[in-house]
Amino acid sequence: MTPPDEPDLDFALCERVRYARDPAYDGVVFIGVKSTGIYCRPVCPVRQPLSRNVSYYRSAAAAERAGFRPCLRCRPETAPRSPAWNGTRATVDRALRLIEDGALDEADVEALAGRLGIGARHLTRLFRRHLDTTPLAAARTARIQRAKRLIDTTDLGMTDIALAAGFGSVRSFNAAFQQVYRRAPSMLKRRARR
């Protein structure tokens, strides 16, 4: 059995997954056992409960919201697609989303790391390990990409684009484009109009 993109929590399908202990559904379906008040992953090695005592959920959060507590044996918090399963890459992904939203446009790496609950040096080490770059370099790339999208899709002037993209000044905006594209942003604007 292969899991669909969005699992249909059809009871019969979930029952087959549970009895097969199908690892393809691990992290996709969670099993709440009404008689014990515990929820498990489909791969849990415990004795199978009676079908009348079982309900199915799309996430660990949904099972907990329904009043179930996590199994201490299969540890649902370590299921695939969970932050623990993703490890430190999950922290880097969160940092990238914050950077894309402009977290480093007006704040420093220390502030970003604080939002993530870690230190700036550790965040930089994680970026080097997973992306072979630094948070500041990732922020610069995000600003350049934002600016390039604005150049291509709007009629804003260069000063407005620089500020909207998160650059502190037109001078740094021009320097960044010169370094990356080897031309001034205004030349890209002309090319986009053609």
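Brief remarks on what is shown
- Each residue of the range 174-186 is assigned a 3J(HN,Hα), and the resulting list reads 4, 5, 5, 5, 4, 5, 7, 9, 6, 7, 6, x, 5 Hz, derived from the Karplus form 6.51 cos²θ - 1.76 cosθ + 1.60 (θ = phi - 60°), x at Gly and Pro.
- Share of carbon and sulfur in the accessible heavy-atom surface of the range 88-194 [1.4 Å probe, %]: 48 percent
- Size descriptor, Kirkwood hydrodynamic radius, that averages inverse alpha-carbon separations across the chain, Å: 20.2 Å
- Along the axis of the charge dipole computed for the chain (Cβ charges of +1 for Lys and Arg, -1 for Asp and Glu, origin at the Cα centre), the listed residues ALA62, ALA20, SER169 are led at the positive end by SER169.
- Residues whose amide H lies under 5 Å from that of ARG69, counting only those 5 or more places away or on a different chain, are ILE38, TYR39; hydrogens are built 1.01 Å from N in the peptide plane.
- In order through the range 113-120: 3J(HN,Hα) via Karplus (6.51 cos²θ - 1.76 cosθ + 1.60), integer Hz, x for Gly, Pro: 4, x, 5, 8, x, 9, x, 5
- A 1.4 Å probe run over the chain, with the rest of the protein chains in place, finds 59 Å² accessible per residue.
- Database remark: amide H of TYR56 closer than 5 angstrom to the amide H of GLY32 (H placed geometrically; neighbours at sequence offset of 5 or more, or on other chains; Pro and chain starts carry no H).
- For the pair LEU131 and MET187 in one chain, pulling the backbone fully straight at 0.36 nm per residue adds 17.1 nm over the alpha carbon distance.
- Histogram of C-alpha separations across the range 141-188, 10 Å bin width, %: 30, 66, 4
- Value of relative contact order over the range 40-194, rounded to a whole percent, pairs C-alpha under 8 Å and six or more apart: 14 percent
The values are calculated or read from the model by the stated rules, or taken from the named source; none is laboratory data. The shown structure was predicted, so the numbers you read here are calculated from the model rather than taken from an experiment. Counting neighbours? That spans all protein chains shown, and the Cβs are built from the backbone with ideal geometry, glycine included. Remember, those area values only see protein heavy atoms, side chains included, never the ligands or the DNA or RNA. Shrake-Rupley method; radii C 1.70, N 1.55, O 1.52, S 1.80 Å.
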